[in-house]
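The values are calculated or read from the model by the stated rules, or taken from the named source; none is laboratory data. This structure is a prediction, so every number in the text was calculated from the model and none was measured. Note: ideal-geometry Cβ built from the backbone for every residue, glycine included; neighbour counts use all protein chains shown.
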Amino acid sequence: MQVSVLAGGVGGARMADGFARVMPPEDLAVIVNTGDDFEWHGLLVCPDLDTVMYTLAGIANPQTGWGIVGDTWRALEMLGRYGGETWFWIGDGDLATHVYRTFLWRQGMRLSEITDRLRRALGVPVAIWPMSDDPVRTIVDTEEGRLPFQEYFVRRGCAPRVRGFIWEGMERAQLSPEARAALEAADLVVIAPSNPYVSIGPILALPGVLELLERRRVVAVSPILGGYALKGPAAKMMAELGEVPSALSVARRYRDFLDGFVLDRVDAALAPAVEAMGIRPLVTDTVILDPPARARLAEEILQWVASWV
Ligand code: FO1
């Protein structure tokens, strides 16, 4: 079964890792949000692509979920001494990723080709594709004005109240050829438990993606448990945008193309309401902090979908 996982952030990387542990690598592709990307000291930094790549390579920092485990901080210290910005923590090993990606990018290589070269170099057997080769930047519209995503997420710690999102570049951006091919070939598309607004939203906003998903078998894993997000600002954003922070709100957002929705046991009572939307519910343990849990959930989803005749 050919599976494509739509992912962003740490939760998305962990879900992708689960599928990578239980499937033949050639049957899996991970399509990653690039709206969090930004230029840092002149370098192109792609946090969600790197978080997926490091996680699948087994070198991600297990505590934070992002960056490289055991990384050192000499370059950041020196940047600080020069008065450079240090609020976004880039370790020395991570820095090499941005240096080399930017080097290839300035030679005109597409982000998809760059990503493919980096993940193969790290020994990752699974295809990792940026959602687009065209630049898309998430701008968070807050009560304090418009903030580039990392300024909102890291520098301000997601504190400002959110009023909406702008995706700079979306009007010119296209789904990457490799991501389109993966989605067209997918027997199953899994929307990972990522933030529906800023991690999954940009992917769905690309021209043609919604129509493509309507023709595919799609399941989503809820990023909200018991009204809270395990990690990140998804529930806070929902509340600030006037949505009930619940798994049901997420299912409703995806309902036009969703065939199945995976709920955590704490939200078992919501299963009938999901079913009433014409979406099959699966109630299970969706907390996937460690590798065995990730593999278990991925296997459960594959068995569940295989049982749909
Ligand atoms: N998140 C933080 O909260 N603080 C950081 O200093 C930070 C640095 C960082 C460096 C590389 C990278 O790939 C991710 C990093 N992240 C950091 C996470 C980043 O903000 C992502 O956008 C989030 O994971 C949400 O997608």
Which of the helices (runs of 4 or more DSSP H) found entirely inside the range 62-129 contain at least 3 residues meeting this: out of contact with any strand residue (DSSP E or B) (no Cβ under 9 Å at 6 or more places or on another chain) and not charged (D, E, K, R)? 74-81, 92-106
Has the range 284-298 got any residue that is in contact with a Pro (Cβ under 9 Å, 6 or more places away or on another chain), part of a strand (DSSP E or B) and under 19 Å from TYR228 (Cα atoms)? no
Screening ARG172, ARG215 for residues that are among the basic types (Lys, Arg), in contact (Cβ under 8 Å) with a residue 24 or more places away in the chain and more than 16 Å from the ligand (Cβ to nearest atom) leaves only ARG172
Can you name the condition, by its number, that ALA247 falls short on among (1) over 26 Å from TRP129 (Cβ atoms); (2) among the aliphatic types (A, V, I, L, M); (3) modelled with pLDDT under 95? (3)
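Is the range 227-246 home to any residue that is part of a helix (DSSP H, G or I), closer than 15 Å to ALA7 by Cα, within 16 Å of the chain's Cα centre (by Cα) and touching a residue at least 12 places away in the same chain (Cβ under 8 Å)?
Here is the first cut: in the range 227-246, the residues part of a helix (DSSP H, G or I) are 234-240.
Narrowing further to those that are closer than 15 Å to ALA7 by Cα: 234.
The next check asks that each one be within 16 Å of the chain's Cα centre (by Cα); those that pass are 234.
Remaining after also requiring touching a residue at least 12 places away in the same chain (Cβ under 8 Å): 234.
Yes, the conditions are met somewhere in the range 227-246.
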Just one listed residue, out of SER194, SER249, is among the hydroxyl-bearing types (Ser, Thr, Tyr) and part of a loop (DSSP other than H, G, I, E, B), and it is SER194
When both residues are 6+ apart or on different chains and their Cβ atoms are under 8 Å apart, which pairs have a first residue that lies in the range 87-98 and is within 10 Å of VAL45 (Cα to Cα), and a second that is more than 10 Å from the ligand (Cβ to nearest atom)? ILE90/ALA75; LEU95/LEU43; LEU95/ALA75; THR97/LEU118; HIS98/LEU43; HIS98/LEU44
